[in-house]
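*Asks:* Below is a structure I'd like to ask you about.
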Amino acid sequence: MKDIKIIDIRHMRGPNMWTYTPVLEALVDIGELEDCPSNLIPGFYERLSAALPSLIEHRCSYGERGGFLRRVQEGTWPCHILEHCTLELQALAGMPGGFGKAREMSDRGIYKVIVTCWHEVVTRAALASARELIMAMIEDRPFDTAAAVDKLKRLADRHCLGPSTAAIVGAAEARKIPSIRLLPGGNLVQLGYGARSRRIWTAETDRTSAIAETISRDKDLTKTLIASCGVPVPEGRLVDSPEDAWEAAQDIGLPVVVKPYDGNHGRGVFIELTTQEEIEAAYKVALSEGSGVIVERCIQGAEHRLLIVGGRLVAANRSDTASVTGDGKHTIVELIASQINSDPRRGTTEEHPLNLIRIDSAARMEIARQGFTPESVPPAGQEVMIQRNGNHAFDVTDEVHPDAAAAASLAARIVGLDIAGIDLVCRDISKPLAEQGGAIVEVNAGPSLLMHIKPAVGKPRPVGQAIVEDLFPAGDDGRIPVVGVTGSRGTTQVARIVASLLSLSGKWTALASSEGIYLDRRLAEAGDRTGFEAANRMLTNRSAEAAVFENGYDVMFDQGLAYDRCQVGVVTNIDPQQHIGRSYIEEPEQVFSILRTQVDVVLPTGVAVLNAADELVADMARLCDGEVIWFASDATLPRIVEHRAQGGRAVVLIDGVITLAHGEQTTPLLAAADVALLAGDAGETDNVLAAVAAGWALDIPAYVLRTGVETFDLI
């Protein structure tokens with residue numbers, strides 16, 4: 001029977017043997033299909049290209065548009081097709097780009113398929129859908145691509161970051177600032193590591209105070225505070241009944257606005273009300289949307305949303321009005337569908353910058369004021385207003401007058417918000433507010449960024465970048481010193497010594513090792529804690545000023561690394577026979593590919609600490625983006641001699657003394673005989689040398705290195 005069977009799936013959550021980003025690695029059995037490349041399946045190419053035409057954009061090995069489909073036409077195997085279809089289904093669901101590979105294993109018909117994993121749930125579903133699609137094409141039966149993509153979109157909406165958070169995280173990644181999602185299905189994200197980290201939740205940060213947010217929800221209090229500092233606001237007050245609302249309107253002067261005292265998203269807001277009937281009806285609806293009602297003077301003009309970040313205007317949008325023109329044949333409801341909601345920019349997803357217009361209570365009142373009902377058929381040529389202030393979808397950032405920007409900035413500062421959405425009403429945003437009677441009507445915490453990222457008209461604004469720049473000034477990458485230690489032996493001891501050296505240097509240090517979790521030299525949790533979860537906990541510990549991780553082979557093989565980059569990566573040694581035999585790992589080169597990940601992630605400003613006496617380890621030097629410090633008991637090894645001749649660094653034994661060698665210079669540290677740890681096992685000498693090299697790479701002073709090694713107590 002011809003089938004594609006997914007035997008096992010491994011989720012690698014961090015840098016791994018395949019790539020720097022999270023992936024799914026699927027072990028796949030294609031059985032009899034090993035004898036059926038795509039060119040031998042009648043009609044397969046035509047059916048696949050029709051079912052998923054966007055595959056034309058996949059360049060594949062030919063490096064040109066249509067390259068992958070050319071491979072399909074010429075003949076390729078199902079797992080290669082599975083890789084590309086999985087990536088394309090994810091792209092159609094809103095997660096474009098990514099990494100993919102398909103690798104044949106030693107058993108006939110067995111492959112590993114590796115694809116970028118934006119979210120495990122979503123990518124697993126994409127992989128399953130891709131398999132179903134391919135089998136349908138092989139068996140010449142229908143496959144509903146649109147339904148499959150729609151399902152993936154819904155999963156992505158539920159599990160992936162929202163647009164505001166994603167914009168900030170994307171801007172952080174562009175600055176090489178790491179991120180950690182703190183809630184699997186939410187938008188709480190940490191940027192940076194340990195004590196240097198900051199946290200965001202959509203458009204709120206750890207600088208957004210609860211008091212400021214509470215003030216912003218109280219519209220009357222907000223107006224009182226900002227008005228006292230000279231910010232123009234509309235006259236108005238809280239009312240407690242429909243009759244009181246009408247009385248307030250008469251005192252203020254018609255027309256007025258009636259709105260909830262603590263509502264949001266524009267629900268229950270009625271503008272330009274002029275009659276007692278309208279005002280009393282609006283009161284009842286507004287009350288249902290909040291805990292109280294405000295009546296205030298109606299400011300003439302359009303509503304604008306100004307985004308203030310760190311006291312600076314970074315984006316501004318104008319709201320739109322929505323109206324229909326009668327044709328004497330169709331009802332207002334039908335005209336809304338044909339003239340407004342047919343606009344492809346309108347919809348219910350994050351891909352649509354404009355919302356669908358619905359007949360809610362505010363729209364019904366607006367239509368009634370013009371003498372119609374939603375079921376009325378307006379005369380030909382008659383314009384009927386449906387919504388006076390809708391989406392803030394028209395970018396006007398470059399038009400904002402400095403006076404308006406200054407007023408918005410002051411309002412945000414008075415309320416106390418680091419990120420604020422300021423709602424400002426005026427006729428012309430390019431002119432001073434005073435000369436046109438403009439005013440600020442609301443100050444919002446946690447404003448949506450989508451309107452600025454994807455405006456319906458105008459250019460997108462780099463609002464995520466502005467927030468990241470406010471959180472992390474130039475030169476701040478949010479990183480603490482991170483040290484990763486891997487190899488076949490000695491990794492626990494090296495990690496323990498390095499953590500001890502960091503602590504002695506004055507840094508609050510977190511350590512995750514096979515012996516447990518140590519927090520500032522205190523054993524907080526015993527047992528093997530070399531997994532991804534334990535390391536992740538260390539990186540999210542905001543007390544940590546440095547972190548050391550022992551990364552065992554199995555963890556790197558199964559899960560990948562918990563950090564994106566590190567300051568120091570240590571590889572003690574490689575014994576391929578210790579690791580060969582699991583999941584088609586059969587050659588020393590495969591073991592090398594897994595353990596090399598530790599060197600791949602060393603920062604350009606960082607250091608790889610490598611065993612000069614181990615040929616496999618030594619071969620990793622060419623992969624390091626940063627500096628290499630060798631360690632070895634034999635100072636006369638050719639690669640050490642050559643490295644020093646080129647001005648490089650090494651930690652070696654010279655006449656029984658642990659020595660820091662930098663070019664031609666040597667700095668004796670202490671005699672190996674004075675290190676209690678080295679009294680027995682000669683193998684531990686390499687461990688001490690590796691730890692000293694890591695400490696040197698971290699700029700720990702020589703006297704601290706000496707004291708730390710001399711006094712280190714493994715027990």
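The values are calculated or read from the model by the stated rules, or taken from the named source; none is laboratory data. Just so it is clear, the model here is predicted, and its values are computed rather than measured. All Cβ positions, even for glycine, are placed from backbone atoms using ideal geometry, and neighbour counts span all protein chains on display.
*Asks:* Give the number of residues within region 291-345 that are in contact (Cβ under 8 Å) with a residue 12 or more places away in the chain and under 30 Å from G464 (Cα atoms).
*Replies:* Residues flagged as in contact (Cβ under 8 Å) with a residue 12 or more places away in the chain and under 30 Å from G464 (Cα atoms) within region 291-345 amount to 24.
*Asks:* For region 507-534, what are the residues that are surrounded by fewer than 20 Cβ atoms within 10 Å (Cβ to Cβ) and part of a strand (DSSP E or B)?
*Replies:* G516, L519, R522, L523, A524, E525, A526
*Asks:* With the requirement that a residue be out of contact with any strand residue (DSSP E or B) (no Cβ under 8 Å at 6 or more places or on another chain), without any contact (Cβ under 8 Å) to a residue 24 or more places away in the chain and either closer than 16 Å to P473 by Cα or not polar (S, T, N, Q) (or both), what does region 187-219 give you?
*Replies:* Correct list: A210 only.
*Asks:* Here is a list of conditions, (1) in a loop (DSSP other than H, G, I, E, B); (2) under 33 Å from the mean Cα position of the chain (by Cα); (3) free of Cβ contacts under 8 Å to residues at least 60 places away in the same chain, and S448 meets all of them except one; can you say which number that is?
*Replies:* (3)
*Asks:* Which of the residues belonging to region 346-358 are loosely packed, with under 15 Cβ neighbours inside 10 Å and either part of a loop (DSSP other than H, G, I, E, B) or in contact (Cβ under 8 Å) with a residue 40 or more places away in the chain (or both)?
*Replies:* Passing the criteria: T348, T349, E351, L356, R358.
Yes/no per residue for (1) in a helix (DSSP H, G or I); (2) at pLDDT 95 or above; (3) of a type in the set (S, T, N, Q):
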| site | (1), (2), (3) |
| --- | --- |
| D8 | no, yes, no |
| H11 | no, yes, no |
| S49 | yes, yes, yes |
| L55 | yes, yes, no |
| F68 | yes, yes, no |
| A91 | yes, yes, no |
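*Asks:* In region 1-18, how many residues are crowded, with 16+ Cβ neighbours inside 10 Å and of a type in the set (V, I, T)?
*Replies:* Matching residues across region 1-18 total 2.
*Asks:* For region 49-58, does any single residue satisfy the condition of being hydroxyl-bearing (S, T, Y) and under 33 Å from the mean Cα position of the chain (by Cα)?
*Replies:* Yes - at least one qualifying residue is present in region 49-58.
*Asks:* Quick one: in region 552-582, of everything that is among the polar types (S, T, N, Q) and in contact with a helix residue (DSSP H, G or I) (Cβ under 7 Å, 6 or more places away or on another chain), which residue is surrounded by the most Cβ atoms within 10 Å (Cβ to Cβ)?
*Replies:* T572
*Asks:* Pull up region 548-560, narrow it to residues that are in contact with a Phe, Trp or Tyr (Cβ under 8 Å, 6 or more places away or on another chain) and touching a residue at least 40 places away in the same chain (Cβ under 8 Å), then point me to the one that is nearest to L610 (Cα to Cα).
*Replies:* F549
Conditions tested, residue by residue: (1) in contact (Cβ under 8 Å) with a residue 60 or more places away in the chain; (2) in contact with a Phe, Trp or Tyr (Cβ under 8 Å, 6 or more places away or on another chain); (3) closer than 19 Å to I200 by Cα.
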residue	(1), (2), (3)
I429	yes, no, no
E435	no, no, no
P455	yes, yes, no
D477	yes, no, yes
V482	yes, yes, no
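*Asks:* Can you tell me how many residues within region 298-345 are part of a loop (DSSP other than H, G, I, E, B), charged (D, E, K, R) and either surrounded by fewer than 16 Cβ atoms within 10 Å (Cβ to Cβ) or touching a Lys or Arg at 6+ places or on another chain (Cβ under 7 Å) (or both)?
*Replies:* 3
*Asks:* Let me ask something else about it. Looking only at region 16-41, count every residue that is within 19 Å of the chain's Cα centre (by Cα), closer than 14 Å to G98 by Cα and not aromatic (F, W, Y) and tell me the total. Working first, answer last.
*Replies:* Residues of region 16-41 that are within 19 Å of the chain's Cα centre (by Cα), as a first pass: 16, 19-24.
So of that shortlist, the ones also closer than 14 Å to G98 by Cα come out as 19-24.
Remaining after also requiring not aromatic (F, W, Y): 19, 21-24.
Count: 5.
Here's the yes/no breakdown for (1) within 20 Å of A697 (Cβ to Cβ); (2) among the hydrophobic types (A, V, I, L, M, F, W, C); (3) modelled with pLDDT under 95:
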| position | (1), (2), (3) |
| --- | --- |
| R639 | yes, no, no |
| A650 | yes, yes, no |
| H662 | yes, no, no |
| T667 | yes, no, no |
| L670 | yes, yes, yes |
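*Asks:* Since T21 meets every condition but one in (1) in contact with a Ser or Thr (Cβ under 7 Å, 6 or more places away or on another chain); (2) of a type in the set (S, T, N, Q); (3) crowded, with 19+ Cβ neighbours inside 10 Å, which condition does it not meet?
*Replies:* Of (1) in contact with a Ser or Thr (Cβ under 7 Å, 6 or more places away or on another chain); (2) of a type in the set (S, T, N, Q); (3) crowded, with 19+ Cβ neighbours inside 10 Å, only one is false for T21: (3).
*Asks:* Please give the strands (runs of 3 or more DSSP E) falling wholly within region 171-282 in which 2 or more residues are farther than 28 Å from L155 by Cβ and either over 38 Å from the mean Cα position of the chain (by Cα) or among the aromatic types (F, W, Y) (or both).
*Replies:* Here the list reads 236-239, 256-260, 270-273.
*Asks:* State yes or no: is D320 more than 32 Å from the chain's Cα centre (by Cα) and within 30 Å of A167 (Cβ to Cβ)?
*Replies:* Against the criterion (more than 32 Å from the chain's Cα centre (by Cα) and within 30 Å of A167 (Cβ to Cβ)), D320 does not qualify.
Conditions (1) of a type outside the set (S, T, N, Q); (2) crowded, with 20+ Cβ neighbours inside 10 Å; (3) within 15 Å of L52 (Cβ to Cβ); (4) assigned by TED's automatic domain parsing to the domain that holds E533, marked per residue:
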| site | (1), (2), (3), (4) |
| --- | --- |
| D140 | yes, no, no, no |
| A148 | yes, yes, yes, no |
| E173 | yes, no, no, no |
| I177 | yes, yes, no, no |
| I180 | yes, no, no, no |
| L188 | yes, no, no, no |
| A195 | yes, no, no, no |
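*Asks:* Something else about it: Can you find even one residue in region 399-411 that is modelled with pLDDT of 95 or more and part of a loop (DSSP other than H, G, I, E, B)?
*Replies:* Yes, some residue in region 399-411 is modelled with pLDDT of 95 or more and part of a loop (DSSP other than H, G, I, E, B).
*Asks:* So which residues in region 583-626 are of a type in the set (S, T, N, Q), more than 18 Å from P481 (Cβ to Cβ) and surrounded by fewer than 23 Cβ atoms within 10 Å (Cβ to Cβ)? Don't jump to the end; show me each part of the working.
*Replies:* We begin by selecting, within region 583-626, every residue of a type in the set (S, T, N, Q); these are 583, 590, 593, 597-598, 605, 611.
Then keep just the ones that are more than 18 Å from P481 (Cβ to Cβ); that gives 583, 590, 593, 597, 611.
Across region 583-626, the qualifying residues are S583, Q590, S593.
*Asks:* Could you run through region 535-551 and say how many residues are surrounded by fewer than 20 Cβ atoms within 10 Å (Cβ to Cβ) and either at pLDDT below 95 or part of a helix (DSSP H, G or I) (or both)?
*Replies:* Total satisfying the criteria: 2.
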